[in-house]
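The values are calculated or read from the model by the stated rules, or taken from the named source; none is laboratory data. Bear in mind the structure is a predicted one, so any value in this text is a computation, not a measurement. All Cβ positions, glycine included, derive from the backbone under ideal geometry; neighbour counts span all protein chains shown. Heads up: the accessible areas ignore ligands, DNA and RNA and are worked out on the full protein's heavy atoms, side chains in. Shrake-Rupley method; radii C 1.70, N 1.55, O 1.52, S 1.80 Å.
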Amino acid sequence: MQDLQLQQRIREGDDAAFAELYAGYRQGVYLYCTRFLSDRPAAEDIFQEVFLNLLERVRGGNEIENVQAYLLRSARNRCLNVIRDRKYPKDVDELAEFLPGGEDVVVGEYENLESALQELPAVNREALLLCEYQGYSYDEIAQMTEVPVTTVRKRIFRARQRLRQILSPGTNRTMEQ
């Protein structure tokens, strides 16, 4: 309800209301963008575009019921566009500690983790990052990515399974999931 009130104040010209909305969501959106892309300047550009787009939509009279989902969905789409258009890799070097069974995977201090994550389909990689690194629940991820919760579960399961295959010693890296 508070977000809807802030949006109404923004439509009335209250700049402090946008600052309050921005303060509430900036950290989560910024972390999402910087973790999804390994290119900090590109992530910062997307971060700014997402909030400018939100401001324009609200000032234009649109009411956004779930601001967090809207911002993350917008950031996701823009990040995927950057990856598709420019082939930026994701910065996921810190994800190793969150992998299930990670202690059993021996790959020289996880030096190959980032390249292994690059081998995952983008939708599976994204679901894994949102769950394990960002800490979102399956329900939240389903809402952000606009897919059923069962699809989110499958994507995360497949991502974990494929990473275990890739990172296990003696793995055939040409196997596809």
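Figures for the structure shown
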quantity: Calculated FRET value between Gln118 and Arg40, using beta carbons and R₀ = 22 Å, to 0.05; calculated: 0.75
quantity: Label-point gap, in nm, between Asp14 and Ala69 - each point 7 angstrom along Cα→Cβ; calculated: 2.5 nm
quantity: Area accessible to solvent at Arg164, 1.4 Å probe radius, in Å²; calculated: 100 Å²
